[in-house]
Every structure is written in C-alpha cells, then in structure tokens.
C-alpha cells in the first residue's frame, strides 16, 4: 500500500496506542506464568509473533474480539520443545526474548524471521546462552538467524556487551527467573537503550519477579514463579508512537493535538516531551490524567543523544527538518541495526524531500536553515518508524508526498493513518 499526503493542519484528540515494548513482555511473562489476562495490548504484526511463540511453547494466547484483551494460558515457567519452527516475522524483540526462553526447553528450538530480521545481530545472546550451558548457533555461522537453540540452561553468571542491544539483557532476565541458579549479567561495555531494561524490570515486578541492578549490570534470582497481581496486567500507552502524534501537533497543529493515554512509565521515549520543549514547542503534559497537548510553534534546532532512545531518531530528524538551525542527533550507531539502517534511511529520504543532512557513523545532522521540505515520492523502507515520521514531514511539505510500502505501520501502530485522517490530515491510500 502507498499513501499520498497533501499538506494539512491537524487538530483534535487521539488515543495513544498501547506500548509495543510492554505488550511483548506482558505476553511472554503471562506465558512464563500459569496464565494472565492482558488488558489493552497492542495487537500488531510484532506482538502477534510473540503470541505465536507462546503458543508453540505449550501455552495459548486468545484475543477477545469484543474487548481486544488477551487471555493467556501459560506454560508454567518451562517452555515445551516447539512442534514447529518459530517464525518471528520482522520482530527483533520477539526473536531475542524468545531465544532466551528457548534455552529453557529440554530440547532444540529453531527460530527464523523475514529477510530484514535475518540480517540483525544475535551473536552476543547466542554466546551468552552457550556460556550458561546451553547450545546456541547461527545456521550460517554469522551470528544471524536462522538460530538453533538447545537447552535447558540452569543459570549462572555471564558477561555481554551493552552497546549492541539491550534486548539481550531483557531476554536473559526474563528467562533467568525460572532457572535453578538465576542469572547474573555483567556488562562488558556501556549499556545503550537502558530504559528498555527498566521496562522489563517493571513488567517482571508486576508478575511477582524480583530483578535488580548490580554494580556491574543486572541480576535475577532463580526459582521464582511468574504470577500477575490479581491475574491481570494493564499495558500502558506507547511513547514511541505518541512521538509521531506529538510531532504532528508541533509542526502542523491548528489549535492543538491532544493525546490521551500518555501516562508516565519507565519508557525512555517519554524523552520526546523534553526534546519538544527544548526545541520550543508549545507543549503541556498533564501526567496524572495521561494527557499530552501539543500545538505548532517555531522550532529551534538542538543537539540530542539517542543513546537510550533509538526509536526517536526518525521523529527527531523530521522535527529538525522543520526547525531553524541545525539539529544534531548523536550516539546513533546502534540505530543502524533496526528494521533498516534508520540513520541512512532518514538522511536519504529527507534529502529526497529537499532537506540538507550530514551523516556520520554515529550521528545525523539536519540542516534546517538550508532545507525546504518539498513533496516527493519516498520509500518507507518497510520500516514502520520511517514511514510514520515521513508522514509527519508530509503534513508540512510543499506539495503532495507519496510514501511507498506504508502498510508496514501494522508493526506498531496499525491504525496510524486512520488516526492521522481523523485529526484532519488529507491523505489517500493506493492499494
């Protein structure tokens, strides 16, 4: 599907979609438990992949069509050997969390995914599983899927780099709680995307699991049992997705865009509020009510690190294209290992729209003063975050913008274009 967007003003109210990060972890945590009812989950391509994995491990995930809630029957701490290959589709979170879960099974699990996922690094997690007494191999011997994992591991101490993916640590903590010995993770390098581990610890706590920071990394005791409080878990709103709605208000808001469901949490991407404030946006966050209001105003370029917030890079890049002066996005090397190389993708697609950029190995600079956003045909790169950020740029571009492959918003924000339309965006879909 392609989507064509005509310059538009936006206004009104929208509800934040549920958090993809929390939904992944809640589904798997309910799987580790005897079961749980997961309220307000994000039901998307990525989270469906995690649900399929729980099914294959011997659990059952059923979606109530009327309420959208998930009724999960768990596998009680120890997954069964799957009767089939686990297809993680395009979901890196699924592959990493599920790879560690597979190391608990008394037998062999095979995991794969689409072409993009099969190009993403898994080596450090495979090495950690091997160090913990399991077997974990890349079939192509390049640290990438397809993966073959044989367990069970009993726990222990392991060291792992922190600058590739925080999901390795999250995966080991979730699995480690049900091992005999627990797992202690020592970081070999500084941890990037650290708030995502805090999200994991927050979900674990909600399921009765104690995991903690240590002087050298993280640890979780073994012999613990997953059990959700009152048998249920409520998924908070997703600030990665909220960032696009907030950016829409900041660049094209007529009066204001009001986002509901924006409650404080451990999500690192709540940083978008501070980033918009620093850039001069007219923004007001009513934290207790979970309401974020953003209206358009003159923006100024800033320097911002995405070390802990890699998913915000596309949003910040678009804000920089509208802002006066330079917007420099730093500590971004790990953003190259997402669904696509998002640093290059945003540089190249924004340049197609007339924006001047400078790309470095770990940084992207947007030269707002040297740029005039112009409508163009741009490639969504099969990446939900690239697609949604380019849609925000299209709201204020001069002329029509067509985004190809726009159906991939299904990964994290399936009704994104419906929400944008209801806020006043002029858009047309082409199947």
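Counting only Cα atoms, the stretch 20-234 measures 45, 37, 30 Å along its principal axes, largest extent leading.
Judged by the gyration tensor of its Cα atoms, with axes a ≥ b ≥ c, the stretch 192-233 is oblate; a/c meets the 1.5 cut and b/c is at least as large as a/b. Were the residues from residue 116 through residue 362 laid out at 0.36 nm apart, the gain over their Cα-Cα distance would be 86.5 nm. Using C-alpha pairs below 8 Å separated by at least 6 residues, the relative contact order for the stretch 20-234 is 20 percent. Diagonalising the gyration tensor over the Cα atoms of the chain and scaling each eigenvalue by 5 before taking the square root yields semi-axes of 37, 22, 20 Å, largest first. Summary of packing: across the peptides 86-92, 347-353, the per-residue average of other C-beta atoms within 10 Å ranks them, highest first, as 86-92, 347-353.
Taking the mean number of other Cβ atoms within 10 Å as a proxy for protection, how do you rank 172-179, 265-272, 297-304 from highest to lowest? Write out the running numbers ahead of the final one.
Details: 172-179: 26.9, 265-272: 22.6, 297-304: 17.5.
Output ranking for 172-179, 265-272, 297-304: 172-179, 265-272, 297-304.
Separation of the stretch 18-77 from the stretch 79-119 is 16 Å, based on Cα centroids. The relative contact order of the chain, computed from alpha carbon pairs under 8 Å that lie at least 6 residues apart in sequence, is 19 percent.
Per-residue extension of 0.36 nm, minus the Cα-Cα distance of residue 370 and residue 305, leaves a gain of 21.2 nm for this segment. Cβ-to-Cβ counts within 10 Å put 73, 137, 361 in ascending order as 361, 137, 73, the fewest first. Taking a ≥ b ≥ c as the square roots of the eigenvalues of the alpha-carbon gyration tensor, the stretch 211-279 is classed oblate because a/c is 1.5 or more while a/b is no larger than b/c. Within the listed set 36, 115, 376, the Gaussian network model of the chain (springs between alpha-carbon atoms below 10 Å) gives the highest mean-square fluctuation for 115. The label-point distance for residue 216 and residue 286, in a model that sets each label 7 Å from Cα toward Cβ, rounds to 4.9 nm.
On full extension, the segment bounded by residue 64 and residue 278 gains 72.8 nm, given 0.36 nm per residue less the C-alpha separation.
Run through the DSSP bridge list for the chain and note the antiparallel percent, rounded to the nearest 5. Spell out each step's value before the answer.
Working: 50 of 73 bridges.
Around 70 percent antiparallel, to the nearest 5.
Read the figures in this text as sums done on the coordinates, not as results from a lab. Not measured: the values here are computed from a predicted model. Note: ideal-geometry Cβ built from the backbone for every residue, glycine included; neighbour counts use all protein chains shown.
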